[in-house]
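Notes to accompany the following structure.
The values are calculated or read from the model by the stated rules, or taken from the named source; none is laboratory data. Since the model is a prediction, treat every value here as computed from it, not as a measurement. Cβ sites come from the backbone with ideal geometry, for glycine too, and all protein chains shown count toward neighbours. We work out accessible area using only protein heavy atoms, side chains counted, and drop any ligands, DNA or RNA first. Shrake-Rupley method; radii C 1.70, N 1.55, O 1.52, S 1.80 Å.
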Amino acid sequence: MPFPNPIFNDLPTTIFTVMSAQAIEHGAVNLGQGFPDEDGPPSIREAAAEALIGGPNQYAPMRGMPQLRQAICNHARRFYDIPFHADENVVVTSGGTEALTASIMALAGQGSEVVLIEPAYDSYRPIAEAVGARVKTVKLMPPDWRLQEDALAQAVTPDTRVLMLNTPLNPIGRAFSREELEGVARVLAHSNAVAVCDEVYEHLIFDERQHIPLITLPGMAERVVRVGSAGKMFSLTGWKIGWVTGSKVLIDVIAKAHQFITFTSSPALQLGVAYALEHEMDFTLGLTKALQANRDLLAERLPRIGFDVLPCEGSYFLTAGIRGLTNESDRAYCERLVREAGVALIPLSVFFSGEEPDHLVRFAFCKKRDLLEQALARLERHFRVGDG
Ligand code: PMP
Ligand code: GLN
């Protein structure tokens with residue numbers, strides 16, 4: 001195999017797979033990879049199971065089952081008053097991951113520029129590079145991780161075609177404020193770029209904050225696509241049903257990328273998700289409360305161990321500094337902790353390029369209370385908290 005694509009040949013296996021494998025190897029509590037350890041509502045699974053037995057079981061329409069596209073539009077209207085049409089403004093994809101890939105492939109091309117806000121989810125860069133785009137970054141700085149309009153304006157050039165914007169942001173749990181988003185809108189309005197908004201954690205936002213889709217800001221309807229994921233909304237991450245919504249012009253071209261990535265995904269799972277969006281949003285809203293309580297548990301107990309906990313406004317994730325505990329890099333520390341303390345975490349440096357901060361780790365708290373208690377007990381034992 002002499003000439004594989006260097007973008008993928010040189011790419012390490014994603015950290016989530018690496019840390020989950022180490023968690024299994026060492027019998028560790030896995031607070032690394034972000035997946036809930038409790039499946040979403042039985043009624044959703046029953047709706048999908050019924051469709052699996054009763055059909056349809058052949059290819060779903062390329063843009064998705066009509067029932068699901070309609071449910072996605074109803075959801076956008078109910079929560080954000082966005083007037084999408086099921087025939088024009090939606091493509092159903094195989095998870096948020098495919099939605100992001102199809103959007104980048106469709107909107108950025110050879111020689112164009114894609115702007116990432118770091119820390120950035122790890123799938124954006126390799127896909128942008130694989131399509132021949134140059135990646136530029138705007139780096140947020142701890143502890144407040146504020147998105148500055150002038151920093152963004154500097155990164156965006158006439159060649160920029162895509163800005164990737166993730167809110168609530170994995171891994172740091174930032175939910176951008178209206179003021180920050182207004183800054184983004186001003187920069188976009190004077191550019192040749194559109195924003196691909198990764199909003200897979202849109203409902204997982206805490207302390208009565210409201211999620212603000214950038215697409216709802218004045219002038220942004222033609223400039224933004226929104227990516228969603230049923231996995232996150234209904235604790236069914238293995239289903240890999242996601243979607244992209246936006247203007248007809250943008251969705252038409254994204255659908256053309258989607259038709260040659262996966263073409264379509266399981267009709268039964270799509271019907272399960274259509275049912276979920278219409279009947280089980282209370283589950284999602286309740287999940288948010290449970291996650292907030294989990295965040296609070298970690299935020300209270302981790303500082304006693306020596307972690308320097310940073311604020312978390314949404315998502316599945318809490319981040320913390322490790323300099324009170326070690327001088328090692330975050331990666332070395334996570335690899336040692338999984339062996340010695342039996343707790344798997346994610347080093348934050350994997351979400352940065354260049355001279356990254358390497359003193360921060362990510363805890364996934366989308367877990368049962370018992371498991372979080374178990375992880376805390378292991379860490380407390382390891383660091384001898386309470387031994388006086
Ligand atoms: N974007 C972000 C920010 C994520 O954290 C994830 C997965 N956890 C995805 C996209 C991918 O979503 P999906 O699992 O639906 O492919
Ligand atoms: N997005 C999840 C996380 O951040 C992992 C998804 C995956 O493993 N691909 O942990």
The answer for the net charge of residues other than T93 whose Cβ lies under 11 angstrom from its Cβ, with Lys and Arg +1 and Asp and Glu -1, is +1
CD proxy at 222 nm, helix term only [per DSSP H run n ≥ 4: -39500 (n - 2.57); per residue of the chain; nearest 500]
-13000 deg cm²/dmol
Might you tell me the accessible area per residue for the chain, computed with a 1.4 Å probe and given in Å²?
42
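Past the 28 Å Cα-Cα mark, which pairs from K240/K289; K139/K289; K240/K368; K256/K289?
K139/K289; K256/K289
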Going by alpha carbons, how many degrees (0 to 90, nearest 10) lie between the helix axis of 15-25 and the longest principal axis of the chain?
50
Would you kindly calculate the translational diffusion coefficient of the chain, applying Stokes-Einstein with the Kirkwood radius from alpha carbon pairs, for 37 °C and a viscosity of 0.692 mPa s, and quote it in µm² s⁻¹ without decimals?
153
At a 10 angstrom cut-off on C-beta neighbours, averaged per residue, how do the peptides 31-41, 129-139 rank from highest to lowest?
31-41, 129-139
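Express the C-alpha Rg of the range 144-299 as a ratio against the empirical globular expectation 2.2 N^0.38 Å, rounded to two decimals.
Rounded to two decimals, the normalised Rg is 1.12.
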Only Cα pairs within less than 10 Å get springs; with that Gaussian network setup on the chain, which residue of I172, I53, I346 has the largest fluctuation?
I53
Filter the chymotrypsin sites (Phe, Trp or Tyr not before Pro) in the range 326-363 down to the DSSP loop ones having no more than 11 other Cβ atoms within 10 Å, then list what survives.
none
Listed residues A344, A102, A60; largest mean-square fluctuation, Gaussian network over the chain with Cα springs below 10 Å, found at A60
Using a 1.4 angstrom probe on heavy atoms only, work out the carbon and sulfur share of the accessible area of the chain in %.
51
In degrees, nearest 10, range 0 to 90: what is the angle between the Cα axis of helix 248-261 and the longest Cα principal axis of the chain?
70
Computed over the Cα atoms of the range 182-233, the Rg and Dmax in Å are 12.1, 36
May I ask for the angle, rounded to the nearest 10°, between helix 95-107 and the longest principal axis of the chain, with both axes built from Cα atoms and the value confined to 0 to 90°?
60
Could you name the aspartates and glutamates whose alpha carbon sits less than 18 Å from that of K232, not counting residues in the same chain fewer than 8 places away?
D37, E38, D39, E98, D122, D198, E199, E202, E278, E280, D282, E313
Straight-line reach only, C-alpha to C-alpha below 12 angstrom: list the aspartates and glutamates that K248 could link to, leaving out same-chain residues fewer than 8 apart.
D87, E88, E222
Given contacts defined as C-alpha pairs under 8 Å and at least six residues apart, what's the relative contact order of the chain, whole-number percent?
25
The range 247-335: D in µm²/s via Stokes-Einstein (Kirkwood Rh, Cα pairs, 25 °C, 0.890 mPa s)?
141
